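**Student:** Below is the structure I would like to discuss, written out as structure tokens.
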Amino acid sequence: MYRSHNCGELTAANINTEVTLSGWVQKSRDKGFIVWVDLRDRYGITQLVFDEERTSKTLIEQAQNLGREFVIQVKGEVIERASKNPNIPTGDIEILVSELIILNKSLLPPFTIEDKTDGGEDIRMKYRYLDIRRNPVKNSLIFRHKVTQEVRNYLSKEGFIEVETPYLIKSTPEGARDFVVPSRMNEGQFYALPQSPQTFKQLLMVGGMDKYFQIVKCFRDEDLRADRQPEFTQIDCEMAFIEQEDILNAFEGLTRHLLKEVNGVDVEKFPRLLYDDAMRLYGNDKPDIRFGMEFGELNEVTQHKEFGVFNNAELVVGIAVPGGNSYTRKEIDKLIDWVKRPQVGALGMIYSRCNDDGSFKSSVDKFYDQDDLAKWAEITGAKKGDLVCVLSGETNKVRAQLSALRMELAERLGLRDPKVFAPLWVIDFPLLELDEETGHYHAMHHPFTSPKPGQLELLETNPGEVKANAYDLVLNGNEIGGGSIRIHDKQTQAIMLKHLGFSDEDAKAQFGFLMDAFEYGAPPHGGLAFGLDRLVAILGGQETIRDFIAFPKNNSGRDVMIDAPAPIDDEQLTELSLKLNLKS
Ligand code: ASP
């Protein structure tokens, strides 16, 4: 028996009992005649004591030679501590050790296994198994477990069945590149790893499963923007015989359940925002609504004067910064530099101070009088003491720029409290999105998303205007889930694929299996998927997802611990009938 108790459970109630504990040496303090060792496991820390008066000399020497992270087993008596530690559950007691066995030695770890470690990200990733011993990572993994457990509980209770779908499949169109796996038995042929189980979950609906979910890995070969992982986890869901309303209610229910069970937070009914309104009010399809600072469009009240910058702009739009009139000239100049950074890309920023006496002072007083500026304040909702910041230019660009400024200012103003949860649905997304580079439309969500009823004809005349039965669930400025009502008849699916530029042959080759299935009694269906990693991070009040993933990859998509990806040997290549043609 390695242990009678774990390192987190002994209290004053156990005093005078004999116990056996196993764990890692967190640290030791050696006073010569007395040695204390902190013994750690997943459950906590228990203090061990070896002292001259009560323990043998050899045992003290053994204790003195313990290194950090040695794995040991001890037997001893639970005694009351002289100086108690109220900060930990075991703080009232210590173990007077009578027997010590070293189960395994440890090299000196390359960073300290403490909550605040001296190890940088790279080294911690390389020795992730040591990093996992630290509370911040350990607790994040436990937290994730709790979330997934609640997801399973809730969905199972609601009648969803968890079904596994294959990983070795054929391309699924979620808009990224596929990771591919060569098939040895089928020379020259490749599987693709699923970007999501999209087509399979639809086939499960054709198969009559009615309500499906799966906590599942997805693989997307994308350039890794900050905090993205090439493999990530989704809570993937699909339902049959439903309308959009049913889906929104079902998954609002799940989200509310998680917020309640995991965070102890009750949230009212989630607001719903049309995609067009989200873009107009926040310049963003995943608005953070923990705070206001909504956009005010100012074209009408700015384009009647001689100010060319505004007159030539497609959109003039501003936000009110609460208390922003207190910014010094220098601070405002810095803000202007901030929006001009290449990452934001604005050409400049106009501002108007809202003074306490009700007057205004703008950077364009030459062009605009007090009445004009009063209108800016009114439209942006600025009050006395605020600052109105105005950007102008091409609609899409300027919205993105002002959205970035809004988020930055909110961060600086402390309006993005991770303990506050503000979920919402963004609905009625466009069906298609124009790729500026190629001039082609592609599916904004994916090609199986159904257009709004009656809009199919618009596809011919005005494809950019067609709205989809597609929705995103947004939490604190992050898209945590997205889905759609699907097309469930072959003909509509064929029209859709045609508009996305698929030839009949391509459509058949890639999605023939799905379209064929639609001919055998496909029920109306729809669903969505949550990004689990991000969801867990947000519920956990963190910005980055890495700590919530046991073995994450770095920004170049590498696992630096196992050193992957890695070359394969010639024999394997030959077996797979592959020849390398390396660019460098
Ligand atoms: N497959 C979609 C995605 O990964 C989710 C869905 O439409 O259900 O975003």
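The values are calculated or read from the model by the stated rules, or taken from the named source; none is laboratory data. Since we're looking at a predicted model, the values are computed, not measured. Because the Cβ atoms are built from the backbone with ideal geometry, glycine has one as well, and the counts that use them run over all protein chains shown. Accessible surface is based on the protein model in full, side chains and every heavy atom, while ligands, DNA and RNA are left aside. Shrake-Rupley method; radii C 1.70, N 1.55, O 1.52, S 1.80 Å.
**Student:** Tell me the net charge near Lys217. Cut-off is 13 Å between Cβ atoms, Lys217 excluded, with +1 for each Lys or Arg and -1 for each Asp or Glu.
**Tutor:** -2
**Student:** Rounding to the nearest 10 and keeping the result within 0 to 90°, find how far the Cα-based axis of helix 504-518 lies from the longest principal axis of the chain.
**Tutor:** Rounded to the nearest ten degrees, it is 70.
**Student:** Keeping the other protein chains in place, figure out the carbon and sulfur percent of the accessible area of the chain, with a 1.4 Å probe.
**Tutor:** On the chain, the fraction of accessible area on carbon and sulfur atoms equals 49 percent.
**Student:** Can you tell me the FRET efficiency between Asp277 and Leu580 if r is taken as the Cβ-Cβ distance and R0 is 45 Å, rounded to the nearest 0.05?
**Tutor:** Using R0 = 45 Å, I get an efficiency of 0.30.
**Student:** So for the pair Gln303, Glu245, with labels modelled 7 Å out along Cα→Cβ, what separation do we get in nm?
**Tutor:** 3.9 nm
**Student:** Where the convex hull is taken over the Cα atoms of the chain, what is its projected area averaged over directions, in nm²?
**Tutor:** 36.5 nm²
**Student:** Here's something else I'd like to know. How much area per residue is accessible in the chain when the probe is 1.4 Å and only protein heavy atoms are counted (Å²)?
**Tutor:** Computed with neighbouring chains in place, this is 50 Å² per residue.
**Student:** Hey, another quick one. Which distance in nm do the two modelled labels at His440 and Glu408 give, with both placed 7 Å along the Cα-to-Cβ direction?
**Tutor:** The answer from the label model is 3.6 nm.
**Student:** Give the distance, in whole Å, between the Cα centre of segment 185-251 and the Cα centre of segment 501-519.
**Tutor:** Centre-to-centre (Cα) distance: 18 Å.
**Student:** Take the alpha-carbon centre of segment 118-133, take the same for segment 340-389, and report the distance between them in whole Å.
**Tutor:** Measuring centre to centre over Cα atoms gives 48 Å.
**Student:** Between rounded, prolate and oblate, where does segment 185-273 land on the alpha carbon gyration tensor, with a ≥ b ≥ c its root eigenvalues, rounded for a/c under 1.5, else prolate if a/b exceeds b/c?
**Tutor:** It comes out oblate by the Cα gyration axes.
**Student:** Just tell me which lysines come within less than 24 Å, Cα to Cα, of Lys57; anything on the same chain fewer than 8 places away is out.
**Tutor:** Once the sequence-local lysines are set aside, what remains near Lys57 is Lys27, Lys31, Lys75, Lys105.
**Student:** For Ser326, what is the net charge nearby, where nearby means another residue's Cβ is under 10 Å from its Cβ and Lys, Arg count +1, Asp, Glu -1?
**Tutor:** Local net charge: -1.
**Student:** What is the extension gain from Ile336 to Lys146, computed as 0.36 nm multiplied by their sequence separation minus the C-alpha to C-alpha distance, in nm to one decimal?
**Tutor:** So the chain would gain 64.0 nm between Ile336 and Lys146.
**Student:** To continue, here is another question. Based on the Cβ-Cβ distance of Glu53 and Asn16, what FRET efficiency does E = 1/(1 + (r/R0)^6) give at R0 = 30 Å, to the nearest 0.05?
**Tutor:** That gives a FRET efficiency of 0.95.
**Student:** As a test of the formula, what do you get for the chain when each DSSP H run with n ≥ 4 contributes -39,500 (n - 2.57) and the sum is divided by the residue count, at 222 nm and rounded to the nearest 500 deg cm²/dmol?
**Tutor:** -8500 deg cm²/dmol
**Student:** Counting only chymotrypsin sites (Phe, Trp or Tyr not before Pro) that sit in a DSSP loop (anything but H, G, I, E, B) with at most 14 other Cβ atoms within 10 Å, what is the longest stretch of the chain containing none of them?
**Tutor:** In short, 242-519.
**Student:** Another question about this same structure. Residues of segment 281-315 with backbone nitrogen within less than 11 Å of a virtual label 7 Å along the Cα-to-Cβ line of Thr395, please, listed as ranges.
**Tutor:** Counting only backbone N, you get 314-315.
**Student:** If you don't mind, another one. Please calculate the 1.4 Å probe accessible area of Asp371, with all protein chains present, and give it to the nearest 10 Å².
**Tutor:** 110 Å²
**Student:** At what distance in nm do the modelled label points of Lys498 and Glu268 sit from each other, each positioned 7 Å from its Cα along Cα→Cβ?
**Tutor:** Here the modelled spin labels are 4.8 nm apart.
**Student:** For Gln455, what charge total do you get from the other residues with a beta carbon under 10 Å from its beta carbon, if Lys and Arg give +1 and Asp and Glu give -1?
**Tutor:** After counting each charged neighbour, the total is 0.
**Student:** Shifting gears a bit: Can you give me the P(r) profile for segment 50-124? Cα pairs, bins 5 angstrom wide beginning at 0, each as a whole percent.
**Tutor:** 3, 13, 17, 17, 20, 17, 9, 4, 1, 0
**Student:** Based on C-alpha coordinates, I'd like the Rg and Dmax of segment 524-563, in Å.
**Tutor:** Looking at segment 524-563, its Cα Rg and Dmax stand at 13.9, 46 Å.
**Student:** To continue, here is another question. Using a 1.4 Å probe, how large is the accessible area of Glu174, given in Å² and rounded to the nearest 10?
**Tutor:** 40 Å²
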